[in-house]
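**Student:** Quick one: structure below, then a few questions.
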Amino acid sequence: FGAIGDGTLCTNAVNSAISSLAESGGTVFFPNGTYVTGTIFLESNVTLMLDKQAVIEGSKDIEDYHVPHEGCIEAPSFDGCLLYAEDKENVKLTGGRIRGNGGVFEGERPMLTRFVRCRNVVLEDISLGESGSWCNHFVLCDRVFVNRVDIYNKVQINNDGLDFDDCKNVFITNCIIETGDDSICL
């Protein structure tokens, strides 16, 4: 789909790869490299799998996060996010690193991930962090599994690790979480 791991902005290519699997499901694999993107829209039954040396890195331009999606009820200045899923199920993020470049933002500061009304979300064997605000925000989700995840989120104020709003059946195991604010917030 044209995504090149050389630090070039590749939001459209990544979203096209994910969209191509919207009906059938499958895996989008990121080989070794750095993939710079704005908001990525996740789909049901799709796994984002990163090579151990691969990085999805958030764009440093806030305009790359101004896309239609449900915002953050508690903090409108955190509406933007790097990875977003709404009303999806069986979504998985695994391998490599996802980092937000959050230290460059002032005022509006995007989150790393937001899952709204999702079911069966798995974050496993992955490193997450450097978000502009909260690292991972789950809203009205059911069956969230966070296993063997390293979260380093200390580049801004309000750098939470895992935030859960009105979720149920959440399982967090074998994680290392180092944040500038709440590590796990209910």
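**Student:** Name the residues in the range 1-43 that are assigned to a strand (DSSP E or B), of a type in the set (Gly, Ala, Ser) and surrounded by 14 or more Cβ atoms within 10 Å (Cβ to Cβ), would you?
**Tutor:** GLY26, GLY33
**Student:** Among the numbered conditions (1) assigned to a strand (DSSP E or B); (2) closer than 23 Å to GLY33 by Cβ; (3) touching a Phe, Trp or Tyr at 6+ places or on another chain (Cβ under 6 Å), tell me where PHE138 comes up short.
**Tutor:** The single condition PHE138 does not satisfy is (2).
**Student:** Hey, another quick one. What do you reckon, is ASP64 outside any loop (DSSP other than H, G, I, E, B) and touching a residue at least 40 places away in the same chain (Cβ under 8 Å)?
**Tutor:** Answer is yes for this residue.
**Student:** Quick one: PHE171 ticks every box in (1) part of a loop (DSSP other than H, G, I, E, B); (2) over 22 Å from THR34 (Cβ atoms); (3) not aliphatic (A, V, I, L, M) bar one, so which box is it?
**Tutor:** (1)
**Student:** Name the pairs whose Cβ atoms lie under 7 Å apart, with the first residue in the range 86-106 and under 18 Å from LEU128 (Cα atoms), the second part of a loop (DSSP other than H, G, I, E, B) and among the hydrophobic types (A, V, I, L, M, F, W, C), and 6 or more positions between them or separate chains?
**Tutor:** Correct list of pairs: VAL91/LEU42; VAL91/CYS118; GLY102/VAL155; GLY103/VAL155.
**Student:** While we're here: As an exercise: evaluate VAL46 against (1) of a type outside the set (Phe, Trp, Tyr); (2) in contact with a Cys (Cβ under 9 Å, 6 or more places away or on another chain); (3) surrounded by 19 or more Cβ atoms within 10 Å (Cβ to Cβ); (4) more than 16 Å from CYS81 (Cβ to Cβ) and give the number of the one condition it does not meet.
**Tutor:** The number of the failed condition is (2).
**Student:** Sticking with this one: Restricting to the range 102-134, give me the number of residues that are open to solvent by 10 Å² or more (accessible area, probe 1.4 Å) and of a type in the set (A, V, I, L, M).
**Tutor:** Total meeting the criteria: 2.
**Student:** Whether any residue in the range 70-78 is of a type outside the set (Lys, Arg), crowded, with 17+ Cβ neighbours inside 10 Å and at pLDDT below 95 is what I want to check.
**Tutor:** For the range 70-78, residues of a type outside the set (Lys, Arg), crowded, with 17+ Cβ neighbours inside 10 Å and at pLDDT below 95: present.
**Student:** So, one more: Can you pull out the residues in the range 135-174 that are open to solvent by 20 Å² or more (accessible area, probe 1.4 Å) and within 18 Å of GLY100 (Cβ to Cβ)?
**Tutor:** Of everything in the range 135-174, those that are open to solvent by 20 Å² or more (accessible area, probe 1.4 Å) and within 18 Å of GLY100 (Cβ to Cβ) turn out to be ASP150, TYR152, LYS154, VAL155, GLN156, ILE157, ASN158.
The values are calculated or read from the model by the stated rules, or taken from the named source; none is laboratory data. These numbers were taken from a predicted model, which means no experiment stands behind them. Cβ sites come from the backbone with ideal geometry, for glycine too, and all protein chains shown count toward neighbours. Each accessible area value is taken on the protein alone, full model and side chains, heavy atoms only, with ligands, DNA and RNA left out. Shrake-Rupley method; radii C 1.70, N 1.55, O 1.52, S 1.80 Å.
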